[in-house]
Every structure is written in structure tokens, then in C-alpha cells.
Amino acid sequence: MMKQTYLSACFLGLAALVSGCKFDNYAAPSSEFRGRIVYKGEPIGVEYNNVNFELWEPGWGKSGAINVAVNQDGSFSSVLFDGTYKLVIPPYQGPFKSLKNTETQSDTIPLAMRGSRTLDLEVLPYYMIRNAKFSGGEGKVGATCALEKIITDASGKAIERVSLYVSKTAFVDTRTSVASQTIEGKDLKDPSAVQLQVTIPALTPSQNYVFARIGVKVAGVEDLLLSPIEKITY
Amino acid sequence: MKKIFLLGSFLLVLAGCNDEKFLDKEPTNILNDAQVWQSPTLVLTVLADLYDRYPDLQSVEKWAEYANFDEAFASAASEYWRSRNSEYPYDWWNYWDYGLLRELNLFIQKCEASKLTEKSLFLAEARYLRASVYFELVKRMGGVPLILEPMEYNFSGDPTYLQHARAKESEIYDFVIAEMEAIKADLPAAASTKSRATKGLALATEARAALYAASIAKYGVNTPEVSLPGGEIGIPAALAAGYYQKALKAAEELIAGGQYALYLKKPTDLQDNFASLFTDKSNNPEVIFVKDFKLKSGKIQGWTLNNQPRSSAEEQQGGRINPSLNLVQSFEKLDNTFEPFATKDAGGNYLYFNNPLDLFANRDARLGGTVILPGSQFKAKTLDIWAGYMLADGSIITGDNFGARKVLPGKTTDDQVVGFDGPIDGLEYSAQTGFYVRKFMDPAVGSGQIGTQSDVWWVRYRYAEVLLNAAEAAFELGDKAKAAGYLNPVRRRAGFQTDLVAADITFDRLVHERKVELAFEGHLLWDMKRWRLAHVVWNGASTPLTTQPGKATETSTRMFGLWPYKVYAPGAATNGRWVFRQIIPANVTNPHRFRLGNYYSLISEEIRNNNPKIVKNPNQ
């Protein structure tokens, strides 16, 4: 008798524990916020895990930003709770400047999340890589492109260097490249016709394809501006 | 009956409260302020605790921190992540010890109020420690709130009056410099004091702080993004010359004081001399300030235990720090030139050596004093670093455990085919770069045992650094002859016969000299930061090992190694000789990338939320 009471008390306690979770937990966030960093609708390529922007949700006791990372192709996505956020691209992030928002008259973009939404963020890059073309063969990767200066007023910046990166995987930038060729900005004669070429080193394990991408370092801007990634079979 | 009992107990409780003697007892496990501040001995125990909390990023007690950059590889499975990660997190190296600062401020306040005859010394020591903590804070975080009084909360519910904004970076440096000037006269001048503040230490700290401020002012122009509009980060370039002058003046005052000299007790063996400089605790003329240890007292350190060569280890461990080839090849040849190690001739054929040490001959004596090389000795035992046998056709026979044995071609019995120190790729405690560390290694028997360990002190300031500081300040002020004059004694002690002349002194020379003289002494990160070279040298690019080790801006993001092999070619002239191969350890998978946001560590959101006046550091 005694034992039965004890056991049933245990079960009651267990049931309370299990069902209790229902009462004090929030539902997981479900609204998806996705989009791209664009200039006139054209996405801007960046390095992976390197460019972030911040989402702030005012009204809480302590403030802390939600960092949203931008992918290599300029896209981003984040799963959020519904609410009213303020989106800020910090000034030192990315090879671009953020535009003044017409609503807030500052770099802050108001973001109302009511269910999932897609929003492309328009920014002003220092340069754009136009007509990036890659070619492969005979153990070499060649690339051509044109660099268009977008910010041409006094706040515009010079090109520090242009590089062609070749990588074994689809993550391509300084960190992962197995070979690269760099032209210093001062040696760049015609930015509208940039030509680069690298020799692919021996790869282990061997593979008959590589991924290539052009990167532009703007003087005084930490983050690189990068072209789309192209898989090259040779 | 029951009621009477309850009433009685209630009365007893009331009466008990009136008995003041019963409750008001002197605690037996704690000393109050009045008791402490009547005895210099007790005050010293309080001060000793404050000394013990002096901040170090890298030290003999934190061996793994040396593997973060390009000086060394960590040969321990739990630390491989240091060479696998690419980015340094923004909050790495952060430091915000206002608890310690409050205790120092309280100590200073109480000391000023006390009537002890020794109080001026105690006061100066506490002020030294407080300034040192601010120096550490400004190195890591930039300008921080400068709090010089213990703050008290008045329980009004409004803490805003306790919130202080960050001071300018230059103001913190100014504070450190001014404090050192103010306290130096109250500190003992004799060099025999090593583990407490002295006049020499105050001057050495002043010189170092002024030099840091000066170089941030001068080289900060290369990274205009690393600054804040309020000056919390960044020092105006116009202030550089003033700081360089202060650095030179403080260093020269210490040099002119004549209390310190370069360690030269073993002039016939300069490598051993350089190693002894760090382990010799009797009348060491060079050492200025240390954290001291004592055997059998509980205050011991495990540097030798952690890093002892595996072949002669006193425990089943050791060999954790493997100096990189990047560092090893930076040591100059004795004719004052730089050269990577030549392992092959112009035709791409291996060069053969009779002894593995031959490759490292005619180099800076500090090389052998800093690094245990293949073929050299530690604790009178020759190291057993060799990666295997190389056959005549270039193929390699090696094993995957310390001293593994295999049957060589043409033989019937097995032979040892790899050294008892490795190198074996991926095997922890083996010399995976081909080298072990020697600096701070304790030659005493038992220093490698867990139960004994080592009492070699951790040197925080020494005379050679003061000379290098003076040389750098003089160079930046345009006096190259004077810079050469301060550099040459340090170089002569390292075995260089030909002095440098004024025309030889360049910025790259000074960068290089500090790199090799002060390796494994916790200077590298701060130096690279103040010269704004960190993001240039650790730029995230996977480049091959540089062939210009004397150039300050060469990329060095991955740790390389150099493995010796024995040649097995019976009958041939090369049989039994040695060849070397440059390798990169398998666990060095990613290049280091120091981003602009790493120059000053992230101030956590918690701190910024508690005090909204704290501005965030840039680029994070």
C-alpha cells in the first residue's frame, strides 16, 4: 500500500515535469527573414563568415544585437520571432557603404517581421566587378573582368589590389585559396580590362576541377569585394 | 505545562540576544583592517596577494598561449585547434579586472591613512601594480575608465553616478608614465630585489609604456580604421615624438643607474649562457622583475614538465611547445645576414650533413639558447629528433610511435626507424616541427616530475629589453648611431663579432631583434599590435614559408617545421648522413587571420549594458 502511494506520487511528479514544459517555454522562432545585399538589384559577393549586420529589437531590459552573417553570394537568412526590429549595417562591414534610409533618415532600416519576408538590402559599393569571366585549361585558370568605380566623389577609394583566388572547395577567398595571383593597385593600368592567371598546383587528393573567384581589396576597407564563384573543370 | 515551556523558551531567546559577549566574538579565521594595518608583515601578505594577481597573457604557467601566433606549434591533442582555427575571436585577450583595481584602490586608500613607517614603500608598490593593471588594460582594450578611488554604492537605486566613460588611449598611457615618474623615488634602487617593485622596474615600465604609446601614434596612421572619434582608440600622430623621447629618457636613466647589466656568466658558451639567463636565480644582473616560484612550497610551475624532450622525459609527457621553423630561421647568421636554411642545392638535390647540428652552425647563439635543436643536448642527454630513414631512391621508412622499430631493406633484424622525440605527425608530445623549446627550461633533476616541477622564475622585465626599447626610441627619433650603440651589446652577447653601424639600422632590424631576443617572453602580440603589423603578417593567406626572414612585413600565418632524416644507403658515401625536409604539420590546417577588430578586444555586451557610457571598440 505504502509503496503504491509512493510510486504513484513519483508518476504524478514526473507527469508534472513533462507537462510543465508546455507552460513555461516559448514557441521556437519561425519567421524567416531572408534576402541579399545588392547594388541596383545585383548581389555583392563577400567572404564567408566575415560580413555581418545587426538586428536590434528595442524594448528589452538589456540590449544585444542579433548578428546575421552574409553568405559568399551576398545572401543571408535568419529565423526570428515576429516583432519590430531595427536593422543596421555597421560602417566597417563589407566593401560598401550603407545608404541613408528614407524613413529614419539614418543608416537604420526599420524591419517589421509579421511572418516570413524577403528583403534585399540596397547598399552603395565602392566598386563593382563586371563581366567576370573564367577559363580553365592546361593546368591554369584565367580570368578577366572590368572594375567599375561606383563611388566617384571625394569619399571614393582607390583599389589596393586585385586577386584571382583558386580553391579546392566552393569556399573561395584568401584563407582557402591554394593559388592566387595579385595585381597591386598601382600596377593596374586599365581597371576596365583586368586580366589574371594562375597555375593550379598539384592537389591532394587529386581533382579535375577547382573553384575560382576574383577579389578586390579597396584601400582603407577591410572586407574584400568578390565576384561570383565559378567551378572550373580542367 | 506546555505553555509554560514555550514561554520559558521565548524568554530565553530574548535574554540570549542581550548577551553581547556571547555573540560578539572576534573571528579567528579573518583579520580586520585595524589588525592588518598595524603590522608591516601583515600588510606585506596583503600586498603579496595583489602581486600574485598581476596579469600575464603568456607565461611559463600558460604554455599553450604561445601557440596562437607563428612562434610555435602546440604538440598536444587538446590544443590543435589553435593551428586549425583561422580567425581570432574578437573577444580573445579581453581583460576587465576592475575587481582587482578596486582592491588596489582600497589598499592605497588605507595605506595613505595608516601610520606605518614603511607606508611610502607599500604605497609606491601598490601604485606600481595599479598602473601595471591599467597598462595591461590599455594594451588589450584601449582606453578604459580611469578609476583611482574605491567607489561605493549608496543604495539609492540609481547607479548612474558610478558609470564612467572610457578615457582616451593616450590618457591611460600618460597615467602609467606619470605614475612611474611619481613613485620611482620611493622604490629601492638595488637590483637585488626581483619579485617586488624597484626603481629600475618603474623606469623599465615607463620606457615600455611610452614606447608602446609612441608606436601606436606613429604606426596607427597605417590603420586609420582602428580608431574611435573620442580617442578611446588611437593616438594622434603628432604625439609620437614626445612619447619616443619619454621612452628614451626613462630607458637611459635606468641604463645610467648602472644597477643592471647583461647576463654573461658563461662567456665561453653563449648558447648555454643565454639559456641560463632565465634559470639562474642567484645574483642575476639582467633580470628586473619576475614572478618567483619555490619548490616544496606549493608555488611551482610546470613549464619544464610540459615541454621536456620526450626522449629523456621524467614523466610520460612533455614536448608540448614546438617552436616553428618560421621562428627558427629568423635567427641570423653570424655575419649579420639572413638566410633560410639551405636543405637542397641549386639543382634540387639534398644537402648531406654529418651531424644534424651542422645545419644550424654559425647562427645567432640565441637560437640554441631558445630552441632545443636536433642533435643538441638537454640535461646532458642528446636529443633523439629524427623523422625516419631516407633510402637512396628518396623513399622514407618511418614509424608511428616514439622510437618505433622496423626491418630495413636488406636486413633481417629490426632497427629503430624514428627518434624517441619524434617527429611523428599528429603524435602529441613529439617534436612535430622538429624542435623543442629551451627558454625557461629548468635543468634541475626532477623539474619534469609532476610531484616536483620547477621553481624557475617567470621574467617579466629584463635589461636587454630596456636596451632594445632605447634602441627603438633612438631610431625613431632619427639617431641611428645611438640605436646601434644600444643594439650592439645585446648582439655581442649573442655571439656577433661584427657590430652594426648606423647605416645598418632599419625598422625591420629592430622588429627582427625583438622577435629573436624576446621569443617566448610574452612580447610578440603586443609588439605586432603596436606596430600595426599584426594584420599584415597574420593576414589569412596560405603562403609558403618566407625566404626573407629579416623582413618585417612578410606573411607568416602557418607554422612550418624542419624534419631531419638519416640516410640509409649501404655502401654509398651518403650512408648515415643527414638530410632535412621542410614540412607543415598535418594539424596546421588553416592560416591565422588577424582582423582589424582584433587590435582591441571586444568589450562584452554585459559591460556595455551595465554602463552605457562605454563605447564599443571598432571593426567588431
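Laboratory data are not the source of any read-out in this text; all were calculated from the coordinates shown. These numbers were taken from a predicted model, which means no experiment stands behind them. A quick note on method: Cβ atoms are made from the backbone with ideal geometry, for glycine too, and the neighbour counts reach across all protein chains shown.
Once all Cα-Cα distances of chain B are split into 20 Å bins that start at 0, what whole-number percent is in each one?
18, 48, 25, 7, 2, 0
For peptide B:222-231, compute the average count of partner chain beta-carbon atoms within 10 Å of each residue's beta-carbon. Write out the running numbers ahead of the final one.
Values: counts 0, 2, 1, 5, 2, 0, 0, 0, 0, 0.
If you average over the peptide's residues, the count of other-chain Cβ atoms is 1.
Which FRET efficiency value, to the nearest 0.05, is calculated for A:Asn208 and A:Lys133 with the Förster distance at 25 angstrom and r the Cβ-Cβ distance?
Numbers: r = 20 Å, r/R0 = 0.82.
About 0.75, to the nearest 0.05.
Please state the relative contact order of segment B:337-475 as a whole percent: Cα pairs under 8 Å, 6+ residues apart?
Values: 173 pairs, mean separation 23.4, N = 139.
Computed over segment B:337-475, the figure is 17 percent.
Taking the highest mean first, how do the peptides A:181-188, A:99-106, B:422-429, A:67-74 order by number of other beta carbon atoms within 10 angstrom per residue?
Answer by packing, highest mean first, reads B:422-429, A:67-74, A:181-188, A:99-106.
In vacuo Debye scattering of segment B:475-591, one point per C-alpha: log10 I(q)/I(0) at q = 0.12, 0.14 Å⁻¹?
Treating every Cα as an identical point scatterer, log10 I(q)/I(0) equals -0.64, -0.79.
Averaged over peptide B:602-608, how many Cβ atoms belonging to another chain are found within 10 Å of each residue's Cβ? Mind dumping the intermediate values first?
On the way: counts 0, 0, 0, 4, 2, 0, 3.
Mean shielding count: 1.
Evaluate the distance, in nm, between pseudo-label points positioned 7 Å from the Cα of B:Asp504 and of A:Lys186 along their respective Cα→Cβ axes.
So the two model labels end up 2.9 nm from each other.
Given the Cα-Cα distance of B:Leu23 and B:Asp292 and 0.36 nm per residue of separation, how much length would full extension add, in nm? Don't skip to the answer; put the middle values down first.
Details: separation 269, 0.36 × 269 = 96.84 nm, distance 4.26 nm.
Length difference between fully extended and current span is 92.6 nm.
Hey, what did chain B get for relative contact order, percent, Cα under 8 Å, at least 6 apart?
20 percent
Take peptides B:557-567, B:28-38, B:255-265 and line them up by average Cβ neighbours within 10 Å, highest first, as a rough protection proxy.
Working: B:557-567: 23.9, B:28-38: 10.5, B:255-265: 15.3.
Result, highest mean first: B:557-567, B:255-265, B:28-38.
Distance between Cα centroids, segment B:288-350 to segment A:65-81: provide it in whole Å.
44 Å
Report, in deg cm²/dmol and to the nearest 500, the calculated mean residue ellipticity at 222 nm for chain B, where each DSSP H run with n ≥ 4 adds -39500 (n - 2.57) and the sum is divided by the residue count. Mind dumping the intermediate values first?
On the way: 20 runs with 216 residues, N = 620.
Here the helix-only value at 222 nm equals -10500 deg cm²/dmol.
Just how many % of Cα pairs in segment A:127-233 lie over 17 Å apart, if you round to the nearest whole percent?
Details: 2784 of 5671 pairs.
Counting every Cα pair in segment A:127-233, those more than 17 Å apart make up 49 percent.
Using alpha-carbon positions, what is the distance between the centroids of segment B:368-422 and segment B:156-216, in Å?
51 Å
Using 0.36 nm per residue of separation minus the Cα-Cα distance, give me the extension gain between B:Arg405 and B:Lys62 in nm, one decimal. The partial results should precede the final answer.
Details: separation 343, 0.36 × 343 = 123.48 nm, distance 3.51 nm.
Taking B:Arg405 through B:Lys62 to full extension adds about 120.0 nm, to one decimal.
Report the calculated FRET efficiency for B:Asn575 and B:Lys333 (r = Cβ-Cβ distance, R0 = 25 Å), to the nearest 0.05.
Details: r = 29 Å, r/R0 = 1.17.
With R0 = 25 Å, the Cβ-Cβ based efficiency is 0.30.
Provide the net charge surrounding B:Arg310, with neighbours chosen by a C-beta distance below 12 Å and charges set as Lys +1, Arg +1, Asp -1, Glu -1.
On the way: positive: B:Arg320, B:Lys381; negative: B:Glu314, B:Glu315, B:Asp384, B:Asp421, B:Glu428.
Net local charge, B:Arg310 excluded: -3.
With all pairs of different alpha carbon atoms counted, what Kirkwood hydrodynamic radius in Å does segment B:198-253 show? Before the final figure, lay out each step's value.
Numbers: mean 1/r = 0.0859 Å⁻¹.
After inverting the mean inverse Cα-Cα distance, the result is 11.6 Å.
Under 25 Å between alpha carbons, and skipping anything fewer than 8 positions from B:Lys613 in its own chain: which lysines qualify?
Reachable lysines: A:Lys62, A:Lys86, B:Lys139, B:Lys168.
How far apart, in nm, are the 7 Å Cα→Cβ label points at B:Gln245 and A:Asp120?
Using points 7 Å along Cα→Cβ, the separation is 5.9 nm.
Please sort B:91-101, B:270-280 by packing, taking for each peptide the average over its residues of neighbouring beta carbons within 10 angstrom, highest first.
Values: B:91-101: 15.4, B:270-280: 21.5.
Top to bottom by mean Cβ count within 10 Å: B:270-280, B:91-101.
To make sure I understand the rule: partners must be aspartates and glutamates, Cα under 14 Å from the Cα of B:Lys115, and not fewer than 8 residues away in the same chain. Which ones qualify?
Candidates past the 8-residue exclusion: B:Asp33.
Output the 0 to 90 degree angle, nearest 10, between the alpha-carbon long axis of helix B:480-493 and the longest principal axis computed from the alpha carbons of chain B.
Long axis of B:480-493 versus the principal axis of chain B: about 70 degrees.
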